[in-house]
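The values are calculated or read from the model by the stated rules, or taken from the named source; none is laboratory data. Values in this document were obtained by computation on a predicted structure and should not be read as measured data. Please note: Cβ atoms are built from the backbone with ideal geometry, for glycine as well, and neighbour counts cover all protein chains shown. Quick note on the areas: whole protein, heavy atoms, side chains included, nothing else; ligands and nucleic acids left out. Shrake-Rupley method; radii C 1.70, N 1.55, O 1.52, S 1.80 Å.
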Amino acid sequence: MIRIAKGPAPQHLTVAGAAEARRHCADYEADAAGYDTGRSKHAIAEGIYAHRTVRQALEQAQHGKCCYCEAQPEKPYAFLHVEHWRPKSYSQQARRGKALRPGYYWLAYDWDNLLLSCHFCNSSNKGNVFPLFNPAARARNHNGDVAAERPMLLKPDGPEDPRDHIGFHEEIPFGKTPAGVETVQILGLDKAEHAGRQRLLQNLKDAHGYVTRYRDRTSPEALEVVAMARAFLAHAVRPDAPFSAMASAFVDRNPVPL
Ligand SMILES: [Zn+2]
C-alpha cells in the first residue's frame, strides 16, 4: 500500500451525490429506530458513487491499481470496484462481529471516502469490517463525529504514508505498528493469492544480481544488461508500478550498487 493523492472531487459527487446524501439524512431523521434496527435501509445509488467520472478520477489517482494491495489489472481495470473506506450499509468491529446498522450512509458519495480496490481486498476480505481502536466513539449516524474515531484500517489517501506502518519480509507484508498489523489482517494482505508479488520479487532479485555482478564489465553486452537492470529497478519503485511498496522495501534493504 502506498499513499494516494486524489484530485478535486468529481462534480457528480458534489452535486448529485450531495443531494442524495441529504435525502438519506432526512430519511434517517424521519425513522431513526427503523434504520438503527435494520428494518429500514437506505437505497445507496451506485450510479452516483460509481459514476464513470468517479471511476476515471480514481483510476488516474491510483494509476489503475488496487488502493490496498497495489495489484494492477489489465485495462479497463474491470475488477477494480469503487470501494467505501467507511462501509455504506453497515459496519462490523470484527469479521464475525455484530452488524452495526446503519452504515456510514452520509459518506456514501463523499469523495474522501471512495477508493478503487480489487475483489480480493474488498469483497473477499474487508467487506464491512471497519474496526476502531475506540469502538465506543463510533459515529452511528450523520449526527456523529467521524473525526473522533480512531480507525484501525489504514487510509491510503489519508495524511500518513502506509509504508511507515507496513513492511515486507520478502514478498509478504507485515504490520510495523498496531494499525499496520490490523490492516494486513483486515485485508488479508499477507495471503498467498498475490502470486504477482512473488514473481516481481524474483525479477527484482535478478536485476539486482545483474547490476552487482556486471557493473564493472565494459563489454557492450554487459553495459546493456546493467542499464536494463537499473532501469527495471528504478521503474519498479515508481507509484505507477504494481506492488511498488514491496519493490521500495526490497531496494531499501538491497541498495543498488553504483
Ligand atoms: Zn487489492
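If you go through region 12-58 and keep only what is farther than 17 Å from Asn141 by Cα, surrounded by 14 or more Cβ atoms within 10 Å (Cβ to Cβ) and of a type in the set (Gly, Ala, Ser), you end up with Ala16, Gly17, Ala45, Ala50, Ala57. Does Glu149 satisfy being within 16 Å of the ligand (Cβ to nearest atom) and over 16 Å from the mean Cα position of the chain (by Cα)? Here the answer is no, as Glu149 does not meet what is asked.
All conditions in (1) outside the structural domain of Gly17 (by TED's automatic domain parsing); (2) within 16 Å of the ligand (Cβ to nearest atom); (3) hydrophobic (A, V, I, L, M, F, W, C) hold for Phe174, with the sole exception of (2).
When Leu115, Leu100, Leu132, Leu58 are checked against the criterion of being among the aliphatic types (A, V, I, L, M) and in contact with a helix residue (DSSP H, G or I) (Cβ under 7 Å, 6 or more places away or on another chain), a single residue qualifies: Leu115. Right, Gly144: open to solvent by less than 40 Å² (accessible area, probe 1.4 Å), more than 16 Å from the ligand (Cβ to nearest atom), outside the structural domain of Tyr90 (by TED's automatic domain parsing) and over 14 Å from the mean Cα position of the chain (by Cα) or not? In short, no. Counted as qualifying within region 7-105 are the helices (runs of 4 or more DSSP H) with 2 or more residues that are within 16 Å of the ligand (Cβ to nearest atom), within 13 Å of Leu116 (Cβ to Cβ) and at pLDDT 95 or above, namely 52-61. Do you know which residues across region 243-258 are surrounded by fewer than 20 Cβ atoms within 10 Å (Cβ to Cβ) and either touching a Ser or Thr at 6+ places or on another chain (Cβ under 6 Å) or assigned to a loop (DSSP other than H, G, I, E, B) (or both)? Those that are surrounded by fewer than 20 Cβ atoms within 10 Å (Cβ to Cβ) and either touching a Ser or Thr at 6+ places or on another chain (Cβ under 6 Å) or assigned to a loop (DSSP other than H, G, I, E, B) (or both): Asn254, Pro255, Val256, Pro257, Leu258.
Conditions tested, residue by residue: (1) surrounded by fewer than 16 Cβ atoms within 10 Å (Cβ to Cβ); (2) touching a strand residue (DSSP E or B) at 6+ places or on another chain (Cβ under 8 Å); (3) polar (S, T, N, Q).
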position: Ala71; (1), (2), (3): no, yes, no
position: Glu74; (1), (2), (3): yes, no, no
position: His84; (1), (2), (3): no, yes, no
position: Lys88; (1), (2), (3): no, no, no
position: Arg96; (1), (2), (3): yes, no, no
position: Tyr104; (1), (2), (3): no, yes, no
position: Tyr109; (1), (2), (3): no, no, no
position: Asp112; (1), (2), (3): yes, no, no
position: Ser117; (1), (2), (3): no, yes, yes
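Scan region 109-141 for residues that are farther than 14 Å from Ala99 by Cα and either within 16 Å of the ligand (Cβ to nearest atom) or at pLDDT below 95 (or both) and the total you get is 12.
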